[in-house]
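> Sharing a structure, written as structure tokens. Questions coming.
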Amino acid sequence: MRLSTLFGRTLRDAPSEAENVAHQLVLRAGLARPLQAGSYALLPLGMRVLRRIEAIMHEEMARIGVQEFRTPVVQSSELWEQTGRYDEYGPLMLRFADRADRPLIFAPTHEEAVAGLARREILSHRQMPVIVYQIHTKYRDEIRARGGMMRMREFTMLDAYSLDSDAEGLDDAYAKVDDAFQHILTRCGIRFVAVEAATGEMGGREAREYTVLSAVGEDTVVVCPNGDYAANLEIAVSDAPEAGKVVDAAPIEEVATPNCTTITEVAGYLNVPEAGTAKAVFFDTPEHGLVFVVIRGDLEVNELKLRAALGLSNLAPASTEQIVASGAVPGYASPLGVRGALVVADRSIVGAGPLVAGANREGYHLRNVVYGRDWEAARVVDVTTVQKGEPCIRCGAPLRLERGIEVGHIFKLGTRYTEAIGATFLDANGEAQPIVMGSYGLGLERILQVIVEQHHDERGIIWPQAVTPLHLQLLRIGKSEGVRAASDTLYEELAQAGFHVLYDDRDETAGVKFNDADLIGLPFRLVVSERLLNEEAVELKPRTGEAARVPRGQVIEVLREALAL
Ligand code: ATP
Ligand code: MG
């Protein structure tokens, strides 16, 4: 490729919209350009990197015996209505209609399509296990596309789906894809952590994310310094804090707290810390009706953890009528004497010592309420968000909180989609059972940008050899006929020998060419100049190493060795 006619130029300065270093380098090196808010065009250099990432993905998928397939990106709403996600997915899903006014969507993910296909293709347990995958375009109408190619509306995903006859089959498929995904990321040169994750709108039992620790990440992950535990903060747990001694507390005492309906007001009025109060939070749930959570006043209920702890499919704030019907007084609610609600205590309450709690009487609170002495909950749960320094559940070491970028996600879905769509198979006894599904995704542009984030210096990108767009950049320094001819000849020879060369044949100054070579960041830079010609040599420099003279006649051999080709 000749730099003079390469589609996509390098930029000396980062455009002002670039939000982080990797985004700046992607734009400056001419890998991609925004075409409209949230959508990027990949320029030839960026496209070559994407193709190399894809090649690694195809190899790793083949290694675990997965089959490539493809589903349409524009889909009818029908299957989505059957699973309920036509409504649930909300505005993130792009919706439109065809000329006959039939509702269509641009698929943000393809579980419905796969379950729909499986309904027709899989009749017997003998046809499984199956894992299929594609590398294709997804569209999500993200509220705020940001960070360059980190969060886009249109992006490319490797999405894979496993179909099994039972939970053990799903466990196998999940382990296989997990292994392949970790290989893919490692081969792309990415350092990441595999973290336990929320199953989110996908539903299902278990999920794992591959997260790149980064100050510009949007996620927060909890990591054990010994590598014993890592989880997304949304669902992370820690070891229970030491339960305080059950103190010999004074008996309960009712105190007037006029117009104090919030924790801050009560704590201020009674002059106690917020951590010295118990807070009541009410939820309406499909499984247990009204749920009354009691949590230490300074903490918040993490709804995802509450859902997981109680096995809830959903939850919403309870209405005032519901709260009143349970015998609680809103603003002054107390776990003492409540009926008609499932009372759960966060573990922060247990052994916390005497607390201020509501009195279930307008304008009054109780002092010296002790869990275990004065009341007990139906369940003690852990529904608070982990704080830095809490002990690791596996080794007790103080946990760290880090920012991270999610580059991949795998889910054990179970039968949610196949049941809704009627994708069943006949088991060994001839009975119809729903197919057990898993779903797995890696984002290609996000991976590309993360590679840039993890492989650069102040001069530009430093491509790992496994994903570099080309092998080397050939620089013609000087405009004489001799230099031109020698450079052209070398370019041809290198191409003949199978090297992918970016040939800087422009009439720019040496300074500009050296800077661009560092910015684009191919593994090697090869210089032809008047002076070197006289010495019958060229200069070879690894992107991060020292320049060295190489006799002209040995260039190809030396490069073969250096690039292990
Ligand atoms: P996020 O939480 O970042 O919105 P997600 O959890 O919705 O992502 P998944 O449905 O798990 O994403 O998609 C699998 C992978 O696809 C992600 O791990 C990520 O690499 C990629 N991906 C998802 N959304 C985007 C996006 N808007 N832009 C670029 N890549 C994306
Ligand atoms: Mg995800």
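The values are calculated or read from the model by the stated rules, or taken from the named source; none is laboratory data. Remember, predicted model here, so these are calculated numbers, not experimental data. Because the Cβ atoms are built from the backbone with ideal geometry, glycine has one as well, and the counts that use them run over all protein chains shown. For the accessible areas, the whole protein counts, side chains as well, though only heavy atoms, and no ligand, DNA or RNA atoms are used. Shrake-Rupley method; radii C 1.70, N 1.55, O 1.52, S 1.80 Å.
> Just for the Cα atoms in the range 123-189, what are the lengths along the principal axes, largest first, rounded to whole Å?
Sorted from largest, the Cα extents of the range 123-189 read 45, 30, 18 Å.
> Mind checking which lysines have their C-alpha under 23 Å from Lys388, skipping anything on the same chain fewer than 8 residues away?
Of all the lysines, those that pass the test against Lys388 - Cα under 23 Å, at least 8 places apart if same chain - are Lys279, Lys305.
> With point charges of +1 on the Cβ of Lys and Arg and -1 on the Cβ of Asp and Glu, referenced to the Cα centre of the chain, which listed residue (Thr83, Ala278, Gln449) lies farthest in the positive direction of the dipole?
Gln449
> When the C-alpha atoms of the range 256-373 are aligned to their principal axes, what extent does each axis show, in angstrom, from largest down?
Per principal axis, max minus min of the Cα coordinates gives 40, 28, 25 Å.
> For Lys541, give me every one of the aspartates and glutamates with a C-alpha distance below 12 angstrom, ignoring sequence neighbours fewer than eight places off in its own chain.
Asp518
> Let me ask you something else. Would you mind putting 408-421, 211-224 in packing order, based on average other-beta-carbon counts within 10 Å, highest first?
Top of the packing list down: 408-421, 211-224.
> Moving on to the next point. DSSP loop (so not H, G, I, E, B), at most 10 other Cβ within 10 Å: list which trypsin sites (Lys or Arg not before Pro) in the range 221-309 pass both filters.
Loop-located and lightly packed - Lys245.
> Which of Leu6, Ile135, His58 sits closest to the plus end of the dipole of the range 1-148, meaning its Cα is farthest towards the positive end, when Lys and Arg get +1 and Asp and Glu get -1 on the C-beta?
Leu6
> Over the heavy atoms of Phe181, what accessible area does a 1.4 Å probe trace out, to the nearest 10 Å²?
Phe181 has an accessible surface of roughly 0 Å² with all protein chains in place.
> Right, here's the next one. In whole Å, what are the Cα extents of the range 157-239 along the three principal axes, biggest one first?
Extents along the principal axes, in whole Å: 40, 33, 25.
> Leaving ligands, DNA and RNA out of it, report the carbon-plus-sulfur percent of the accessible area of the range 135-278 at a 1.4 Å probe.
Carbon and sulfur together cover 48 percent of it.
> Same structure again: How large is the charge dipole for the chain, taken about the Cα centre, if only the Cβ atoms of Lys, Arg (+1) and Asp, Glu (-1) carry charge, to the nearest 20 debye?
1120
> Using alpha carbons only, what's the Rg to Rh ratio of the range 1-158 with Rh from Kirkwood?
On the Cα set of the range 1-158, Rg over Rh gives 1.05.
> Could you grab the relative contact order for the range 408-565? Cα pairs under 8 Å, six or more apart, rounded to a whole percent.
19
> Would you calculate the volume per residue, in Å³, of the smallest convex hull containing every Cα atom of the chain?
Per-residue hull volume (Cα only) is 208 Å³.
> Further question on the same structure: Take the alpha carbon gyration tensor of the range 408-487, find the square roots of its eigenvalues, order them as a ≥ b ≥ c, and report rounded if a/c is under 1.5; if not, report prolate when a/b exceeds b/c, else oblate.
Prolate, because a/c is 1.5 or more and a/b exceeds b/c.
> Additional query: Identify all aspartates and glutamates with a Cα-Cα distance to Lys479 below 16 Å; exclude those on the same chain that are fewer than 8 residues away in sequence.
Asp488, Asp504, Asp505, Asp507, Glu508, Glu530
> Separate question: Based on the mean of other beta carbon atoms within 10 Å per residue, what is the order of 386-393, 537-544, 105-112, most packed first?
Put in order of decreasing packing, that is 105-112, 537-544, 386-393.
> While we're on this one: Can you give the accessible area per residue of the range 444-493, in Å², using a 1.4 Å probe?
34
> What whole number of Å gives the distance from the Cα centroid of the range 452-522 to the Cα centroid of the range 530-558?
Here the two parts' Cα centres lie 13 Å apart.
> For the chain, build the charge dipole from Cβ charges (+1 Lys, Arg; -1 Asp, Glu) around the Cα centre, then report which of Ala328, Leu42, Ala318 sits farthest towards its positive end.
Highest projection toward the positive end goes to Leu42.
> So, for the range 128-232, what is the accessible surface per residue at a probe of 1.4 Å, expressed in square angstrom?
On a per-residue basis, the range 128-232 sits at 37 Å².
> Give me the percent of the accessible area of the range 345-447 that comes from carbon and sulfur atoms, probe 1.4 Å, all protein chains in place.
44
> When ranked by the protection proxy of mean other Cβ atoms within 10 Å per residue, highest first, what sequence do the peptides 401-407, 168-174 form?
Listed from highest to lowest mean packing, they are 401-407, 168-174.
> Mind checking the full-extension length gain between Ser319 and Cys395? Use 0.36 nm per residue of separation minus the Cα-Cα distance, one decimal, nm.
Gain on stretching Ser319 to Cys395: 23.2 nm.
> Rounded, prolate or oblate: which one fits the range 1-43, using the alpha carbon gyration tensor with axes a ≥ b ≥ c (rounded when a/c is under 1.5, else prolate when a/b beats b/c, else oblate)?
oblate
> Here's another thing I want to ask about it. Which loop GluC sites (Glu not before Pro) in the range 221-303, with loop taken from DSSP, have no more than 10 other Cβ atoms within 10 angstrom of their Cβ?
In loop regions of the range 221-303 (DSSP not H, G, I, E or B), the sparsely surrounded GluC sites (Glu not before Pro) are Glu242.
> Another question, then. Taking a probe of 1.4 angstrom, what is the accessible area of Ser348 in Å², to the nearest 10?
20
> Expressed as a whole number of Å, what is the distance separating the alpha-carbon centroids of the range 1-40 and the range 335-380?
Cα centroid of the range 335-380 versus Cα centroid of the range 1-40: 58 Å apart.
> Gap in Å between the Cα centre of the range 381-404 and the Cα centre of the range 102-148?
35
> Binning every alpha carbon pair distance of the range 451-524 at 5 Å from zero, what are the percents per bin?
Result, from short to long distances: 3, 17, 24, 21, 18, 11, 5, 1, 0 percent.
> Just to make sure I understand: if all protein chains stay in place, what is the order of Thr424, Thr264 by accessible area at 1.4 Å, largest first?
Thr264, Thr424
> Between Glu218 and Asp427, what is the spin-label point distance in nm, taking each point 7 Å from the Cα along the Cα→C-beta axis?
A separation of 4.1 nm, rounded to one decimal place.
> Please say if the range 509-554 is rounded, prolate or oblate, where rounded means a/c under 1.5 for a ≥ b ≥ c the square roots of the C-alpha gyration tensor eigenvalues, and otherwise the choice is prolate for a/b larger than b/c and oblate otherwise?
oblate
> Here's something else I'd like to know. Once the Cα atoms of helix 510-520 and of the chain are each reduced to a long axis, what angle between those two axes, in degrees from 0 to 90 to the nearest 10, is obtained?
40
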